[in-house]
Each structure stands twice: as structure tokens, then as C-alpha cells.
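Scroll down for the structure; my scribbles are underneath it.
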Number of protein chains: 2
Amino acid sequence: MVRYPDSLKVFVAIDCIIFGFDGKDLKLLLVKRKLEPESGNWSLMGGFLFPNEDLEEGASRILKDLTGLTNIYCEQLTVKGEKNRDPGSRTVSVVFFALIKIEESDQESVKNHNAFWIELDKRPSLIFDHNQMVLEAIDHLRYKAALHPIGFELLSETFTIPQLQKLYEAIYNVPIDRRNFSRKLLSTSLLIDTGMKNIHSTTKKATLYRLDKVRYNEKFHAFWNFMADAMK
Amino acid sequence: MVRYPDSLKVFVAIDCIIFGFDGKDLKLLLVKRKLEPESGNWSLMGGFLFPNEDLEEGASRILKDLTGLTNIYCEQLTVKGEKNRDPGSRTVSVVFFALIKIEESDQESVKNHNAFWIELDKRPSLIFDHNQMVLEAIDHLRYKAALHPIGFELLSETFTIPQLQKLYEAIYNVPIDRRNFSRKLLSTSLLIDTGMKNIHSTTKKATLYRLDKVRYNEKFHAFWNFMADAMK
DNA sequence: ACAAAAGTGTTGAAACTACACCCATGC
DNA sequence: GCATGGGTGTAGTTTCAACACTTTTGT
């Protein structure tokens, strides 16, 4: 077996871009760093890959540590490995894209990490190449949400169609026709009427739906072709 | 500045999945290994990331070395980092997805690397997790070619519409209606009539087109919504 | 009773599918 | 002249976009 020189070895970091939706705005979970390097500046949540874990396990560990949640929607977004991206030793960063339901996350844990939910449009400048990563993640969110039903990952277990519409309007930053949206969505047969109404509304109470998980898994890889023209 | 323990460091490999099209079949450029480990077995073309290069530079180097080509269509596909994927030292592999024009590649150089163009359907089993990578790449090709005009990357500078159709039929493994295909394609205004005809044809000679590169770049990120239903 | 948000139906336009005929070429 | 493959047109269907009125609820 050939041995390769250790000079080729690099650190592998994991960075997580974490999206949430509060019913009105898309948000990112960002960390105000308390440690060097770049103490006091904003960054994505991240860490190093441990020797005993796979990449996806590392991402799950970091997400669980921060939010208390397991079973988070999470996928690889990209890898960044510019030779000069980290001033210390050479580092390759695997960037993960995560969607979480804000109200299910552990707010204490978030606070303990000095992390904050920040409106996408009001996000501060981030360290290193994290700004670029976020731009790519927003693109990816728009791309993917147009084709696959991932929006549900940002809403709670039960939700109303108007809530879903507000989410899509936030993602694409366009107004959507209520009637066409509702019809298209119901025609997917991904929604199950819970029979309940959203009691928080101050006017007419909207129907609460939940996701048909069986159909969701069946249909996930089919093209949804939803909002595709908002991306042109 | 904090120092991290070198025990966290890993090797970074680059593996390239290289697609080509010979006018009839989709092909992969695969290597019959002459070196340990796994000598004599088939694998993707790959190598280690050098200390002085970015990830994309590494992929370009490997592709140029093998095919003699620069300016290859190439994008990151995924990263594989299972803790036990490589029996030697821990390795994270960045997998690139490349589309090349077979007839423009340097066949001498390919031969010198003991590499061969192999029909997709007749590919041998590959080492490590390369089989899984190829499956993901085929999925990605179908996904991406349905939405973006990447098919041209597999054809030579000038091409006919029937050639393009054969390519799409090979990608999706479905028959396509000639008339509808042609109409849809011409309506993209991505094609420029060269005024020439395909002299290789033995019957009626098809019109040779070339790509309108300006429009191609403008429209690349627009959804093409082409072949979307072949993926359902 | 009125303001605010939810629910639903129709119509015209555009896109897509399916299908058939004519043309150019080499043998 | 015939077999092979290239080029084009049309009609029916389906999908999508645009748009207005009615219902529920809290005040």
C-alpha cells in the first residue's frame, strides 16, 4: 500500500446555513462569535469534522447541539476549498443547507451558543467566505423550492394555506395570486385537512392542514414545477 | 490564534465523473488502474488535492491531464467522507461532474492513462464508493439537462437537431417526438443556423447549427423546463 | 355594520401532445 | 424508384394566469 505525504492533509470544517420562517420573514440562524479567530464578528454555525464521524453525522451533531433538534432537513450545498480561504492552516469547508421549524427549536440552547435568528434582508456581513455561501444557499432554496415540496420543512406540523403562501412570497419576494396558489397546492394531494381551524387568526379562521408524509416521500423527487417562472 | 490538533486533518481526493456522447450512446471515461491500491480494477479518474490549488483548479488539472482539454464543463457534484470509505488514511473525496466532447479530447493522452470510453449501460463495477457516485451523477445529468441547456456540452461545435435528439433520448432513455422536439428547441433561439449541412449523412442532410453563446449564457440560469416529465 | 382575511369559479391565452405528409439523398 | 431520414403544420387538450364576489369573524 502506497503511503501519501502528510503534507497533503487539510482540516475539514462543516458550516451550516440554517433557514427558518417566522410566519412573516425568512430568517437565518447566525452566531456572534465569542472565540478567536474573528471574535465578535458574525458567522455561520460550524465546527470541525471529527475523526469518528461521517460528514452528514458531523452536520447533524452541529445542528443538534445548536437547536436540540434531530431529524432536520439537511443536505450538502457545496464545498469550499480555496487555498487562501483560512488564514491559519489550510481548511476545506463542507457547507450544509438546513431548514428548520423555528418554534420547535430549543431557544435556550440557541441563546447559549450566542446565536440569533436574523431576517435574511437584515443579515450582517459574515466572516471568511460565509457571505458567498449564504448567497448560494438562497439561490438553492429558490431553485429547490420551485421543484420540490421542501417549504413544509419550514412550517410547523399543522399549517394553513395562507401561511404557506406567505412563505413562498418570502422566498421569491413576489406577490402570489391566492386563488391560483390554493388550487395548485390542493391539486398536489399532499395536504390533509385536519378539520381544525387556525384559532390565532383575528378574522376568518383558516383551515389547518398537515402534510401527507407518504405522498410526500413518493412525490418528493417528482418535479413539482412550482414557482418555476419566478426564477427566470 | 488557536491551533487545532493535526489529528483532525484528512486527505482530500478529487474524483471526476466524465460523460461523453458518441452520437449513439452515453459514455463514461473510466480508468483501469495500474497502481496499487486496487490495481487492475476500474475506477473514476482522480487524484489528491495539491496544497497550492483550489478544488476547482484540482479538477481542471486532472481533467486536462487526462483529456488535454481546458474549458471543460465541470461542476461539483457531491462530497463523500464516510469514515471508513478508504482503507488507508481517512480521505474526503470531492466529486466533480464533467461533460466533454469526445472527439475534441486527446485520444493519445486518454490511452496513456489506461482510460477508456465505456457505454453507460456496460460499465463495470468500480472501486470504493465510485459506483454510488456514478448513480448520483446520472441522476444529476437527467435533472440538470431537463432544466438547463447543458446537452450542448456533449456535442461538437456544430451539430444537427437529430443529433441533439439522439442525445436526449440517450439521457432519458425514452423516445421523443421529432417534430415537437425540433419546434421546442428552435423556439429557445439558442441555435444559429450555420448554413451548412451534415455531409456524413447518407440520406437527406440535416442542417448544422451552432450554439448562440451569448444567449446561452443569458439563458443558462433560466428554467428550460425541458424533458421535465421524463423524470416523474 | 364594517373591516380584514379566507374561500371559491370562470374565462381566455398559451403551451403541449399527438399525429401525417412532403422533401432530399444515395443506392 | 425506393428506402432512409429530415423538415414542417395543425387541431385538440391541458395547463396557467387573470380576475371578483361571497363568507366568516372580531370589534
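Values computed for the structure shown
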{"item": "Hey, B:Leu155 touching a residue at least 24 places away in the same chain (Cβ under 8 Å) and more than 19 Å from B:Glu103 (Cβ to Cβ) or not", "result": "no"}
{"item": "Unmet requirement for A:Asn114, which otherwise passes all of (1) in contact (Cβ under 8 Å) with a residue 24 or more places away in the chain; (2) at negative phi; (3) of a type outside the set (Gly, Ala, Ser)", "result": "(2)"}
{"item": "Filter result (surrounded by 15 or more Cβ atoms within 10 Å (Cβ to Cβ) and touching a strand residue (DSSP E or B) at 6+ places or on another chain (Cβ under 9 Å)) within segment A:55-72", "result": "A:Leu55, A:Glu56, A:Gly58, A:Ala59, A:Ser60, A:Arg61, A:Ile62, A:Leu63, A:Leu66, A:Thr67, A:Ile72"}
{"item": "Complete set of residues in segment A:43-59 that are among the polar types (S, T, N, Q) and either at the interface with chain B (Cβ under 7 Å from one of its Cβ atoms) or assigned to a loop (DSSP other than H, G, I, E, B) (or both)", "result": "A:Asn52"}
{"item": "Enumeration of residues in segment A:160-190 that are away from DNA strand C (no atom under 11 Å from the Cβ), more than 18 Å from the chain's Cα centre (by Cα) and within 25 Å of A:Ile72 (Cβ to Cβ)", "result": "A:Thr188, A:Leu190"}
{"item": "Residue in segment A:212-232 that is farthest from the other protein chains (Cβ to nearest Cβ), counting only those that are out of contact with any Leu (no Cβ under 9 Å at 6 or more places or on another chain) and in contact (Cβ under 8 Å) with a residue 60 or more places away in the chain", "result": "A:Phe220"}
{"item": "Flag for B:Lys34 being within 14 Å of chain A (Cβ to nearest Cβ), closer than 30 Å to A:Glu38 by Cα and of a type outside the set (A, V, I, L, M, F, W, C)", "result": "no"}
{"item": "Which listed residue is under 20 Å from the mean Cα position of the chain (by Cα) and free of Cβ contacts under 8 Å to residues at least 40 places away in the same chain, from B:Leu63, B:Leu69", "result": "B:Leu69"}
{"item": "Identity of the residue in segment A:192-223, at pLDDT 90 or above and of a type in the set (A, V, I, L, M, F, W, C), that ends up nearest to DNA strand D (Cβ to nearest atom)", "result": "A:Ala206"}
{"item": "Single unsatisfied condition, A:Leu155 versus (1) away from DNA strand D (no atom under 15 Å from the Cβ); (2) over 21 Å from the mean Cα position of the chain (by Cα)", "result": "(2)"}
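Per-residue answers, yes or no, for (1) of a type in the set (A, V, I, L, M, F, W, C); (2) surrounded by 15 or more Cβ atoms within 10 Å (Cβ to Cβ):
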{"residue": "B:Thr78", "(1), (2)": "no, yes"}
{"residue": "B:Asn84", "(1), (2)": "no, no"}
{"residue": "B:Phe96", "(1), (2)": "yes, yes"}
{"residue": "B:Trp117", "(1), (2)": "yes, yes"}
{"residue": "B:Leu126", "(1), (2)": "yes, yes"}
{"residue": "B:His130", "(1), (2)": "no, yes"}
{"residue": "B:Glu136", "(1), (2)": "no, yes"}
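The values are calculated or read from the model by the stated rules, or taken from the named source; none is laboratory data. This structure is a prediction, so every number in the text was calculated from the model and none was measured. Neighbour counts run over all protein chains shown; Cβ positions are idealised from the backbone, glycine included.
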